Amino acid sequence: MKKIGITGQSGFIGKHLFNTLGLFPGKFETIGFNNFFFEKEDILDAFVAKCDVIVHLAGVNRHNEPDVIYNTNVDLTKKLISSFKRTNSKAHIIFSSSTQEDKDNMYGKSKKEARALLNDWANDNNGSFTGMIIPNVFGSFGNPYYNSVVATFCHQLTNGEATKIDVDGELKLIYVGELVGEMIRVINEKRAVFSYEVPHTSVVKVSEILKLLEGYKIDYLQSGIIPAINNTFELNLFNTFRSYIDVKKRYPIKFANYSDVRGSFSEIIRLNIGGQVSFSTTFPGTTRGNHFHTRKIERFAVIKGKALIQLRRISTDEVMDFYLSGDEPSYVDMPIWYTHNIKNIGNDELYTIFWINEFYNSEDPDTYFETV
């Protein structure tokens, strides 16, 4: 079992890598990292000594003073190299650089310099080093005004703020889940190379991204319609958009209920996408679920009985409780990377309709069990 440490574990890419490695128990063990380790040589050395693989993500992307970006990123790398030397580390070092290396800015220069320093250490000490040149990354839970324009647009649209395109350039993008997949392949293969250019998976203009996200706001956020998803990029973009919605404020959403002498009628879901619809009954006191998805879109609709739906974002402690009743049929959509369950808290059978955007595939279920 490989022991893997991630500097910058609490950052955008770091969290996704840390959480994804946790999906492979018995194969990977993650060694916890905190940014203050860089300030304590003994603590940093203890961390380095435990690791078979170190993914170096820690650094600064943006700052009002460009020199701070350069000095911080190079200094953190030098501290790490000093620890490698003190501990005689034989870990495989994976460094996240950027396509910004070729641009005339301090961030790109800092990444290029740090990659060269790590490579020199590997050459001088018979070490194993992989320098990953990474394109623009987007994905769920990124920081607006910092990680990507996608994060900024998603934050603005879900919070009623104005959007603005400064330069309608063409972006070469990779989804954070795809990048993490590349990193895990490098870990598994111990692919030692000074310059590994990670291929982008999409090429999209900024205006095209904004148009799609504005459509998601109109269809999904305002009307509850699952939008058309035409390719993997759009699925990843939609799931990214959903991650910026305030779950606690949004759910549960009540259905429009139409009653007459025959009974009642409620429309469960409007779709511009396919998928699978299921129906379940649940006995009193019984709980279903306690799992999460990393790509699937899912809706739980309660039409009879009383239910408690619980959600908790992976790697956090806050549990969100949503109470639903068939007296006022309602639904909750499951964000990616949120473990969730549904429990019958009434005295009668609970009737629930489930919709998910893809057919169940036992060879690739995208279902990971974790108690809420």
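Descriptive notes on the structure:
- Of all residues in region 225-250, exactly one satisfies the criterion of being surrounded by 17 or more Cβ atoms within 10 Å (Cβ to Cβ) and small (G, A, S), namely S243.
- Check on Y360, surrounded by fewer than 18 Cβ atoms within 10 Å (Cβ to Cβ) and aromatic (F, W, Y): yes
Residue-by-condition table, conditions (1) over 24 Å from R185 (Cα atoms); (2) among the polar types (S, T, N, Q); (3) not in a strand (DSSP E or B):
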| site | (1), (2), (3) |
| --- | --- |
| L17 | no, no, yes |
| D42 | yes, no, yes |
| D45 | yes, no, yes |
| V60 | yes, no, yes |
| N71 | yes, yes, yes |
| L80 | no, no, yes |
| F84 | no, no, yes |
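- Some residue of region 184-201 being under 28 Å from I269 (Cβ atoms) and out of contact with any Gly (no Cβ under 6 Å at 6 or more places or on another chain): no
- Residue check, S89 within 27 Å of T20 (Cα to Cα), assigned by TED's automatic domain parsing to the domain that holds K15, of a type outside the set (D, E, K, R) and part of a loop (DSSP other than H, G, I, E, B): yes
- First in region 1-18 and under 21 Å from K78 (Cβ atoms) and touching a residue at least 40 places away in the same chain (Cβ under 8 Å), second anywhere and small (G, A, S) and part of a loop (DSSP other than H, G, I, E, B), Cβ under 7 Å, 6 or more apart: T7/A58; G8/A58; G8/G59; G14/G8
For (1) touching a residue at least 12 places away in the same chain (Cβ under 8 Å); (2) in the same structural domain as G32 (by TED's automatic domain parsing); (3) buried (at least 17 other Cβ atoms within 10 Å of the Cβ); (4) touching a helix residue (DSSP H, G or I) at 6+ places or on another chain (Cβ under 6 Å), each residue gets a yes or a no:
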residue: G59; (1), (2), (3), (4): yes, yes, yes, yes
residue: R62; (1), (2), (3), (4): yes, yes, no, no
residue: L80; (1), (2), (3), (4): yes, yes, yes, no
residue: K85; (1), (2), (3), (4): yes, yes, no, no
residue: S110; (1), (2), (3), (4): yes, yes, yes, yes
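- Residue match in region 226-244 (condition: in contact with a Cys (Cβ under 8 Å, 6 or more places away or on another chain), modelled with pLDDT of 95 or more, assigned to a helix (DSSP H, G or I) and of a type in the set (V, I, T)): yes
- Matching residues in region 126-176 - criterion: being among the small types (G, A, S) and surrounded by fewer than 22 Cβ atoms within 10 Å (Cβ to Cβ): G127, S128, G160, A162, G169
- Enumeration of residues in region 8-28 that are farther than 17 Å from F138 by Cα and either surrounded by fewer than 17 Cβ atoms within 10 Å (Cβ to Cβ) or among the hydroxyl-bearing types (S, T, Y) (or both): G22, L23, F24, P25, G26, K27
- Residues satisfying the stated conditions in region 251-285, i.e. of a type in the set (V, I, T), surrounded by 13 or more Cβ atoms within 10 Å (Cβ to Cβ) and either assigned to a loop (DSSP other than H, G, I, E, B) or outside the structural domain of S315 (by TED's automatic domain parsing) (or both): I268, I269, I273
- Qualifying residue in region 94-101 (condition: assigned to a helix (DSSP H, G or I) and under 21 Å from Y145 (Cβ atoms)): yes
- Test: residue in region 159-171 that is at pLDDT 95 or above, part of a strand (DSSP E or B) and within 23 Å of H16 (Cα to Cα): yes
- Selection status of D102, free of Cβ contacts under 8 Å to residues at least 24 places away in the same chain and either under 27 Å from I336 (Cβ atoms) or surrounded by fewer than 21 Cβ atoms within 10 Å (Cβ to Cβ) (or both): yes
- Residue match in region 36-56 (condition: of a type in the set (V, I, T) and closer than 21 Å to F292 by Cβ): no
- Scanning region 154-170 for residues that are among the aliphatic types (A, V, I, L, M) and either without any contact (Cβ under 8 Å) to a residue 60 or more places away in the chain or farther than 22 Å from I245 by Cα (or both) gives A162, I165, V167.
- Enumeration of residues in region 190-199 that are surrounded by fewer than 19 Cβ atoms within 10 Å (Cβ to Cβ) and either β-branched (V, I, T) or in contact with a Leu (Cβ under 8 Å, 6 or more places away or on another chain) (or both): V193
The values are calculated or read from the model by the stated rules, or taken from the named source; none is laboratory data. Treat the numbers as computed from the prediction; the structure is a model and nothing was measured. Cβ sites come from the backbone with ideal geometry, for glycine too, and all protein chains shown count toward neighbours.
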